[in-house]
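Can you read through this structure? Questions will come right after.
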Amino acid sequence: MSEKKDKLREKIFSSKKLKSKTIDLFGEAVEIRQPTVGQILTQAADEDPKKALVRLLVSYSYVPGSSEKVFTVEDGEQILGWPASGWLDQINTAISELTNIDIAGAEKNSEATTGG
């Protein structure tokens, strides 16, 4: 490899800082972290929007400033029982800003194609 290519590759592969955004979830601060490409591709096959929402909260919600996740898979039913309110918009906005993926739009497209 050329020296120029080596330097370019070094810069590309060393820049892995993930972004995060803190949201207010029922009066508590929760940090939403940017997923990696691998995480997105692995989880892109979710056919059920309910599972996708739970997975999103479980996978990317952290106690601010720590590596401790807030939710577990076992919290799924409780999460789905929450009142539909502004927290959905906050999650969608945070994920959209961190990934350029519109969660609400993707869910609407999924419902349109599945008749959901």
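The values are calculated or read from the model by the stated rules, or taken from the named source; none is laboratory data. What you see is a predicted model, and the numbers here were worked out from it, not measured in a lab. No Cβ is skipped: glycine too gets one built from the backbone with ideal geometry, and neighbour counts run over all protein chains shown.
Can you tell me which residue in region 87-115 is modelled with the highest pLDDT, limited to those that are of a type in the set (G, A, S) and surrounded by 12 or more Cβ atoms within 10 Å (Cβ to Cβ)?
Looking at residues that are of a type in the set (G, A, S) and surrounded by 12 or more Cβ atoms within 10 Å (Cβ to Cβ), I get A94.
Select, from V70, V63, the only residue that is at pLDDT 85 or above, surrounded by fewer than 16 Cβ atoms within 10 Å (Cβ to Cβ) and either of a type outside the set (D, E, K, R) or over 22 Å from V37 (Cα atoms) (or both).
Just a single option satisfies the conditions, and that option is V63.
Follow-up question, since we're still on this one. Being in a helix (DSSP H, G or I) and among the polar types (S, T, N, Q) is the filter; apply it to region 55-95 and report the residue that is nearest to the chain's Cα centre (by Cα).
Restricting to residues being in a helix (DSSP H, G or I) and among the polar types (S, T, N, Q), the top hit is S59.
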